[in-house]
Structure formats: structure tokens, C-alpha cells
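Below is a structure I'd like to ask you about.
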Amino acid sequence: MLDFVQQLVSGIALGCVYGLIALGFVLIYKATEVINFAQGDLMMLGGFFAFTFIGMLGLNYWLGFAGAVAAMALFGMLAERVVVRPILGYPQFSIIMATIGLGYFLRSVVGMIWGTDDFKIETPFSDGVLRIGSLVLAYDKLSVIAATIILCALLYLFFNRTTLGTAMRASSENMLAAYYMGIPVKRVVSIVWAIAAAVATAAGVLLAPITFIHSNVGLVLGLKAFPAAVLGGFGSIPGAVVGGVLIGVIESMAGFYLPQGWKDVAPYIVLLVVLLLKPEGLFGVHMRKKV
Amino acid sequence: MRFLFKTDYEDDIKLFPHSGYIVSYGILLAFLAIAPFVLSSYLVSQLVFVCIYATVGVGLMILTGFTGQASLGHAAFLAIGAYTAGYLQQYNVPFPVYFLAAGLITGVVGALVGFPALRLQGIYLVIATISFGFIVEEILARWETVTHGNEGMRVKTLSLFGAVVPRDGPTFYFLCLGVLILTIVGTLNLLRSPTGRAFVAIRDSETAARSMGVNVSLYKVKSFAISAAITGFAGVLFAHKMSFISPEMFTLQLSIEFIIVILIGGIFSLHGAVLGAIFLVMIDPFLTYLKDDLPVIIAGIAATFGADSITAGKIHSNVAAIASANGLKGAIYGVIIVLFVLFEPLGLYGRWLKIKLFFQLFPLYKRATFKRQKIYVKSERNR
């Protein structure tokens with residue numbers, strides 16, 4: 001039983017990271033119907049920015065965190081402007097390829113600049129554990145869970161209570177109509193990318209105590225976050241987090257209870273089964289075309 | 001320029017619209033036939049890879065280019081073909097038998113993947129095929145009695161009708177070329193047939209195809225099966241060319257490379273599959289060339305512009321350091337993919353068409369001929 005709870009907590013912590021990356025996928029998809037395959041790589045780049053600020057320049061953790069988030073928000077806008085805006089509205093396949101290309105580029109360039117070693121970011125939660133009875137919970141995992149809850153609450157408030165959030169929801173419903181209503185759709189889209197990159201950076205920095213940062217971490221985690229977004233139903237913000245947590249828990253349970261090898265495949269098998277039964281994901285809405 | 005007057009449907013679906021095609025393809029074939037006797041063995045080996053990748057490209061083109069079903073799991077089909085060959089070969093099964101068996105098995109697996117894929121669209125299909133790729137990769141690593149797990153499997157030299165065919169000899173090259181040509185001709189015929197028309201109809205509009213009486217599910221499964229079978233055939237050749245196969249050769253990376261083949265070649269044409277394969281295979285020798293010669297050339301240019309020998313040496317070493325950096329290949333891939341998507345969505349074949357049209361219409365060519373129309377965002381959510 002104790003093992004089970006232990007595995008559950010670490011699964012949820014890992015799942016929250018997947019959920020945060022998946023959140024980035026979903027934000028961008030909701031606003032622009034673009035699937036950003038480079039989301040994991042944005043996270044990786046954010047992690048490296050944070051590493052540069054904190055590990056190499058010796059800034060305070062929180063300052064470095066904020067700096068990395070700000071830098072990545074700018075980078076997200078830049079990526080949107082250069083890669084995505086010219087092909088907005090073209091078939092999804094082209095956009096998927098463009099973002100795959102962007103991901104390739106980021107991975108290689110990061111590998112060239114920072115090298116291909118593993119890096120570690122020192123965080124205030126790096127060591128120290130919380131003991132409840134005989135249950136041992138590491139602070140770094142709890143910090144991830146707490147941060148996910150805070151970020152989700154912030155995003156919820158942002159989308160439902162601010163003008164900008166409302167504008168984003170409007171342009172995700174119908175871009176042309178939003179444009180006619182006077183919403184600067186292009187600027188909204190670039191802000192969405194900025195937010196997605198910032199959320200990804202937060203995920204990257206929070207992740208640092210759990211796994212090391214290296215140039216391929218984005219690919220590895222992005223490929224786990226992707227099923228998370230799909231499982232939750234692409235385009236649903238709570239779905240992304242729930243999907244992420246599910247994937248994380250499945251992975252950690254399969255790693256503990258099932259023979260070796262199942263750990264990496266179990267999330268995908270579950271995903272395939274879910275897609276078979278519910279092709280638009282768990283929380284997806286199936287919109288019908290009116291004729 | 002030549003005007004083609006088509007007076008009936010038969011004219012429209014001719015394999016060779018006019019005699020020029022026969023002449024130009026004949027010349028190309030003649031060049032390919034003498035290639036192994038003139039080119040260095042390294043280049044012939046690259047040509048074999050071009051043939052294999054192009055075969056996979058044609059297979060993927062049927063599915064993605066002509067039926068509009070994206071797949072990022074084709075490395076798995078290649079793996080199934082390769083492992084079938086490796087496994088059957090241990091029991092001294094002759095080549096033609098296991099070649100056909102590999103195609104059959106991958107075809108059946110492809111159909112099985114096609115069934116769940118029927119309900120999925122766009123992004124959900126992409127992620128389902130990625131999952132399929134991962135699962136196959138893991139099965140290959142775990143099913144040790146058949147695949148030898150992560151140790152990998154040795155593939156014996158190919159023997160065809162009692163004669164040994166070494167993997168770097170001209171005979172093997174001709175075998176691969178033959179498979180490629182058969183695949184292309186077969187695909188061309190498939191596209192002329194009702195089945196191919198149905199594929200294209202599904203790609204262009206599923207709803208319209210269905211209302212025209214096309215059995216969408218049947219043709220989607222067919223498309224998956226045919227595409228997988230062709231990839232399986234290529235897998236057999238791939239196994240023999242590599243002479244050693246292991247699960248980590250058939251990763252998502254390879255599936256993405258196949259997509260690059262059809263994307264950079266030109267997504268709606270069979271020429272594109274071949275051009276893309278040439279491009280993908282040639283990027284490695286090109287990078288080697290960059291590493292060896294580019295520093296010298298740039299230093300030489302600097303010297304002609306009056307740089308002294310010390311600065312020239314510095315430039316030389318700096319350029320050499322950049323050119324031999326580890327991730328350069330990935331970065332170049334990335335940039336090339338993005339540039340093609342942004343500026344040449346029809347790929348290398350599209351570029352070729354533009355050049356051809358320029359000369360055909362010589363003084364009258366208008367750049368606007370190929371101008372892309374502004375597309376307003378069409379939601380795929382309520383399709």
C-alpha cells in the first residue's frame with residue numbers, strides 16, 4: 001500500500017510535468033489549430049536558459065526562473081512570427097512538418113551551444129523530504145504538483161476574467177469572426193505562443209530536479225506530453241492536465257508493477273485503446289458541421 | 001512547347017502522355033544501367049540506399065500523398081519487413097518466398113493498423129501511428145526468441161537462385177532498382193485504376209467521396225495495406241543492405257525521415273518520392289564535403305580579399321569547428337524542412353515544374369502562375 005501511494009505521488013508529479021507541456025500544445029491548438037511539435041523543445045530551451053541564468057551566471061533561483069520565462073516568451077513570439085504565421089491556415093500536415101523542423105533546429109543548436117551533456121539546476125527544493133508517518137515525499141515532486149495547480153488556476157483566471165483571455169477564446173472559436181469584431185488576431189496569436197513558451201519553460205525548470213536537462217529531453221518528454229494532450233482531448237485545458245496526470249500515473253505504475261519494457265509502452269497502449277473507444281479523447285468535444 | 005490534345009479518357013490516363021517521356025526515361029534508365037560499372041562503389045552503395053528510400057517514399061506517398069492519411073509509423077513497417085526476412089532466412093527459405101512473405105505480413109499488419117485508424121483524423125491519426133511505431137519498437141526489443149532483442153540480428157548474404165549476391169555488388173543494386181521501378185510502375189497503374197481515383201477522392205474530400213459512392217473505410221484500409229506492403233518489400237532490401245538489424249534502427253526518427261523524403265521531394269507526385277530519397281541520402285556526403293572542403297574554400301576566399309596567412313588560418317579553423325560540430329546535420333535538416341514548408345510546399349518536384357514551365361513559355365512566364373492563394377483559416381474541428 002505504501003509503495004502504491006509512493007508510486008502514485010511520483011506518477012502524479014511526473015504527470016504534472018507532462019500536463020504542463022501538454023497545456024502548451026492545447027493553448028496553441030485552441031487558438032490557432034496549429035499543432036506545435038516543437039513544444040517539448042521549447043521546454044528544453046527554457047530549461048537551458050534557466051540553467052544559464054542560475055547555474056552559470058549565478059543568479060538567484062526565482063530571478064533566474066523569471067528571466068528564463070521572459071526570454072522564452074519573447075522566443076515564442078519570434079518562432080510564431082518566423083515559422084508559423086506565413087503558413088497559418090494551410091493544411092495541418094505542413095504546419096506539423098514546419099514545427100518538427102523547428103524542433104530539429106532547436107535541438108541541434110542547443111547541442112552545439114551548450115553541448116550534449118546532462119545539466120542540473122540547483123533549486124530550493126532539490127533535497128529535503130516531507131515525512132507523513134512512514135510515507136516519504138520528496139519536496140521536488142511536491143513542488144511540481146503545487147506549481148501545476150497554481151499555474152492552472154492562473155490560466156483559468158486569465159482566460160475567464162481578462163479581456164485578453166476572452167479575445168483569445170473568441171479567436172479560437174472563429175478567427176475570421178473575431179477579426180471582424182476588431183480583435184487583433186495576429187497579435188493575439190503571437191501572445192498565445194508567448195504564453196505557451198512561458199508555460200513550457202516553467203515545466204522545464206520545475207522538471208530539472210526530477211530529470212536532468214539535456215538537449216534531447218524535449219523530444220523524450222514532448223512525445224509523452226503529446227499523448228497526454230490527445231488523451232484529454234486536444235483543445236481542452238483541464239483535459240490536458242488530467243491526461244498528463246493519467247499518463248504519468250500509468251507510466252509509473254507500469255514501471256513498478258509490470259515487467260520491464262512495459263513502462264515506455266503502457267501509456268501508448270492506453271492511448272490507443274482510448275482513441276479506439278472515444279476518437280476525440282476523454283474531454284474532447286465533437287463539433288458537428290451544420291449543413 | 002508541345003500541345004497535347006486529349007480527346008478521350010484513355011488519353012488522360014496514358015502511362016506515357018507523349019513520346020518525349022519514353023525518350024527521357026529511356027536515357028535515365030540507360031544511365032542507371034551503366035552506373036554500377038562507372039561509379040565508385042561508395043556512390044553505388046548510396047544509389048542502393050536511394051532506391052530503398054524511394055521505394056518507402058512511394059509507399060508512403062500512396063498513403064499520405066494520395067489518400068491524405070498522415071503516418072509517422074512507417075519505420076515500424078520497414079522493421080517488420082526486415083525482421084521477417086531475417087527470421088525466415090535462418091530456415092533457408094529462398095529469397096523470392098520470404099520477399100513476398102514480408103510484403104504479405106506487413107500488408108496484413110498495415111490493414112490491421114488501418115482499421116482503428118478509420119475513426120481517427122488529422123492529429124489523432126498522427127499520434128496513433130506514432131504509438132504504433134513505439135509499440136512495434138518495444139516488441140522487437142522484447143521478443144527475444146525471434147528478434148534477438150537489443151543485441152540485434154545478423155542478416156546473411158542474399159542468395160538468389162543459388163547464386164550469392166553480395167550487398168555491395170552491382171547485382172544487388174539492380175535488384176533494388178528493379179524493385180523500385182516495379183513499385184513505381186505498379187503505383188502508376190494503381191493510380192490510374194478506380195482504386196487510385198478513390199484514394200485521391202478521399203484525400204480531397206471525404207464527404208464528397210462518400211456521397212459519390214466511394215466506400216471510404218474500405219479504401220482507407222486498402223491504402224494502409226498497400227502502403228505497408230511496399231514498405232515491407234523495402235524492408236527486406238534494407239535488411240540485406242545493412243546486413244545487421246536491431247530495434248534502435250527503426251525509431252520515430254526514421255519515420256520522420258520518410259516524411260521528409262515525401263515532403264521535400266514533393267508531396268503529390270511519385271517523382272517527388274524519388275527526388276526526396278536522393279536528397280535525403282545525399283545530405284550525408286554533402287556534410288562530409290562541407291567538413292573537408294568548406295574551410296579551405298572560405299580561407300581561400302579570405303586570402304584573395306587580402307587577409308594575411310594568420311587570419312586565414314584562424315578563419316579556416318573556426319569554419320572547420322562549425323562544420324564538424326555534432327548537431328550540424330539536425331540543424332540543417334530543421335532549416336531545410338522549415339524553408340521548404342514556407343517557400344516551396346510542392347517540394348523539389350514543384351521547383352522542377354516551375355523551371356520547366358519557365359523554359360516552355362520562355363518570354364511569357366509569369367511568376368504569379370504558381371502564386372499561392374491566401375487561405376483563411378479553415379477549422380478542422382468541425383469537419
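Check B:ILE262 against each of (1) buried (at least 18 other Cβ atoms within 10 Å of the Cβ); (2) closer than 24 Å to A:GLY111 by Cβ; (3) modelled with pLDDT of 75 or more; (4) within 12 Å of chain A (Cβ to nearest Cβ) and name the one condition it does not meet.
All conditions pass for B:ILE262, except number (2).
For segment B:221-237, give me each residue that is open to solvent by less than 10 Å² (accessible area, probe 1.4 Å) and either of a type in the set (Ser, Thr, Tyr) or within 15 Å of the chain's Cα centre (by Cα) (or both). So that I can check it myself, show each step before the final result.
Here is the first cut: in segment B:221-237, the ones open to solvent by less than 10 Å² (accessible area, probe 1.4 Å) are B:223-224, B:227-228, B:231-232, B:234-237.
Answer for segment B:221-237, where residues must be open to solvent by less than 10 Å² (accessible area, probe 1.4 Å) and either of a type in the set (Ser, Thr, Tyr) or within 15 Å of the chain's Cα centre (by Cα) (or both): B:SER223, B:SER227, B:ALA228, B:THR231, B:GLY232, B:ALA234, B:GLY235, B:LEU237.
Please work out which residue is surrounded by the most Cβ atoms within 10 Å (Cβ to Cβ), limiting yourself to segment A:1-32 and to residues that are of a type in the set (Gly, Ala, Ser) and over 8 Å from A:GLY244 (Cβ atoms).
Step one: of segment A:1-32, the residues of a type in the set (Gly, Ala, Ser) are A:10-11, A:13, A:15, A:19, A:22, A:24, A:31.
The next check asks that each one be over 8 Å from A:GLY244 (Cβ atoms); those that pass are A:10-11, A:13, A:24, A:31.
Details: A:SER10: 21, A:GLY11: 23, A:ALA13: 26, A:GLY24: 31, A:ALA31: 25.
Only one residue tops the list, namely A:GLY24.
Looking for whichever is at pLDDT 85 or above, closer than 20 Å to B:ILE181 by Cβ and either aliphatic (A, V, I, L, M) or open to solvent by 60 Å² or more (accessible area, probe 1.4 Å) (or both) here; the options are B:ILE34, B:ILE13. Which one fits?
Details: B:ILE13 fails: at pLDDT 85 or above.
When all the criteria are applied, what remains is B:ILE34.
Now a separate question. Restricting attention to segment B:152-167, does a residue exist that is out of contact with any Gly (no Cβ under 6 Å at 6 or more places or on another chain) and in a helix (DSSP H, G or I)?
To start, the set of residues in segment B:152-167 that are out of contact with any Gly (no Cβ under 6 Å at 6 or more places or on another chain) comprises B:152, B:154, B:156-167.
When the remaining residues are screened for being in a helix (DSSP H, G or I), the result is none.
No, segment B:152-167 has no match at all.
Taking A:PHE93 as the residue in question, decide whether it is under 21 Å from A:PHE226 (Cα atoms), open to solvent by 30 Å² or more (accessible area, probe 1.4 Å) and at pLDDT 85 or above.
Numbers: under 21 Å from A:PHE226 (Cα atoms): yes; open to solvent by 30 Å² or more (accessible area, probe 1.4 Å): yes; at pLDDT 85 or above: no.
Against the criterion (under 21 Å from A:PHE226 (Cα atoms), open to solvent by 30 Å² or more (accessible area, probe 1.4 Å) and at pLDDT 85 or above), A:PHE93 does not qualify.
Just give me the residues in segment B:329-352 being open to solvent by less than 60 Å² (accessible area, probe 1.4 Å) and more than 7 Å from chain A (Cβ to nearest Cβ), in sequence order.
Correct list: B:ILE332, B:ILE336, B:PHE340, B:GLU344, B:GLY347, B:LEU348, B:TYR349, B:GLY350.
Let's see how each residue does on (1) open to solvent by less than 20 Å² (accessible area, probe 1.4 Å); (2) closer than 23 Å to A:ILE113 by Cβ; (3) in contact with a strand residue (DSSP E or B) (Cβ under 8 Å, 6 or more places away or on another chain); (4) modelled with pLDDT under 85:
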position: A:ILE210; (1), (2), (3), (4): no, no, no, yes
position: A:VAL217; (1), (2), (3), (4): yes, yes, no, yes
position: A:PHE226; (1), (2), (3), (4): yes, no, no, yes
position: A:ILE237; (1), (2), (3), (4): no, no, no, yes
position: A:GLY243; (1), (2), (3), (4): yes, no, no, no
position: A:SER252; (1), (2), (3), (4): yes, no, no, no
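Ok, one more. From the set of residues in segment A:75-93 that are under 18 Å from B:TYR124 (Cβ atoms) and out of contact with any Gly (no Cβ under 6 Å at 6 or more places or on another chain), which is farthest from the other protein chains (Cβ to nearest Cβ)? Don't jump to the end; show me each part of the working.
Of segment A:75-93, the ones under 18 Å from B:TYR124 (Cβ atoms) are A:91-93.
Then keep just the ones that are out of contact with any Gly (no Cβ under 6 Å at 6 or more places or on another chain); that gives A:91, A:93.
Details: A:PRO91: 9, A:PHE93: 6 Å.
Among those that are under 18 Å from B:TYR124 (Cβ atoms) and out of contact with any Gly (no Cβ under 6 Å at 6 or more places or on another chain), it is A:PRO91.
Here are some conditions: (1) surrounded by fewer than 19 Cβ atoms within 10 Å (Cβ to Cβ); (2) at pLDDT below 75. B:THR311 meets all but one. Which one does it not meet?
(2)
Take the residues of segment B:72-125 that are of a type in the set (Ser, Thr, Tyr) and free of Cβ contacts under 8 Å to residues at least 40 places away in the same chain: which is farthest from the other protein chains (Cβ to nearest Cβ)? Can you show your working first?
Kept after step one, since they are of a type in the set (Ser, Thr, Tyr), are these residues of segment B:72-125: B:83-84, B:87, B:91, B:98, B:106, B:124.
Pick out the ones that are also free of Cβ contacts under 8 Å to residues at least 40 places away in the same chain and you get B:91, B:124.
Numbers: B:TYR91: 27, B:TYR124: 6 Å.
Ranking the qualifying residues of segment B:72-125, first place goes to B:TYR91.
If you go through segment B:237-246 one residue at a time, do you hit one that is β-branched (Val, Ile, Thr) and part of a helix (DSSP H, G or I)? Before the answer, list the steps.
To start, the set of residues in segment B:237-246 that are β-branched (Val, Ile, Thr) comprises B:245.
Now restrict to residues that are part of a helix (DSSP H, G or I): none.
For segment B:237-246, residues β-branched (Val, Ile, Thr) and part of a helix (DSSP H, G or I): absent.
Then there is this: Please tell me if A:ALA66 is farther than 23 Å from B:GLY330 by Cα and in contact with a Lys or Arg (Cβ under 6 Å, 6 or more places away or on another chain).
So A:ALA66 fails the test.
OK, next. Only residues that are open to solvent by 30 Å² or more (accessible area, probe 1.4 Å), within 25 Å of A:LYS224 (Cβ to Cβ), among the polar types (S, T, N, Q) and part of a helix (DSSP H, G or I): list them for segment B:111-151, please.
Once the filter is applied, which keeps residues that are open to solvent by 30 Å² or more (accessible area, probe 1.4 Å), within 25 Å of A:LYS224 (Cβ to Cβ), among the polar types (S, T, N, Q) and part of a helix (DSSP H, G or I), segment B:111-151 yields only B:ASN150.
Are there any pairs with C-beta distances below 8 angstrom linking a residue in segment B:186-199 that is farther than 15 Å from B:MET61 by Cβ to a residue that is in a helix (DSSP H, G or I) and open to solvent by less than 10 Å² (accessible area, probe 1.4 Å), with the two at least 6 apart or on different chains, and if so which?
B:ALA198/B:ALA209
If A:MET1 meets every condition in (1) without any contact (Cβ under 8 Å) to a residue 12 or more places away in the chain; (2) within 19 Å of A:ILE96 (Cβ to Cβ); (3) among the hydrophobic types (A, V, I, L, M, F, W, C) apart from one, which number is that one?
The failed condition is (2).
So, one more: Quick check, is B:PRO295 open to solvent by less than 10 Å² (accessible area, probe 1.4 Å) and touching an Asp or Glu at 6+ places or on another chain (Cβ under 8 Å)? Walk me through it before giving the result.
On the way: open to solvent by less than 10 Å² (accessible area, probe 1.4 Å): yes; touching an Asp or Glu at 6+ places or on another chain (Cβ under 8 Å): no.
In short, no.
All but one of (1) within 14 Å of chain B (Cβ to nearest Cβ); (2) within 14 Å of A:PHE51 (Cα to Cα) hold for A:GLY101; state the number of the condition that does not hold.
Unmet for A:GLY101, out of (1) within 14 Å of chain B (Cβ to nearest Cβ); (2) within 14 Å of A:PHE51 (Cα to Cα): (2).
The values are calculated or read from the model by the stated rules, or taken from the named source; none is laboratory data. Not measured: the values here are computed from a predicted model. When we count neighbours, we look across all protein chains shown, and the Cβ atoms used for this are built from the backbone with ideal geometry, even at glycine. Each accessible area value is taken on the protein alone, full model and side chains, heavy atoms only, with ligands, DNA and RNA left out. Shrake-Rupley method; radii C 1.70, N 1.55, O 1.52, S 1.80 Å.
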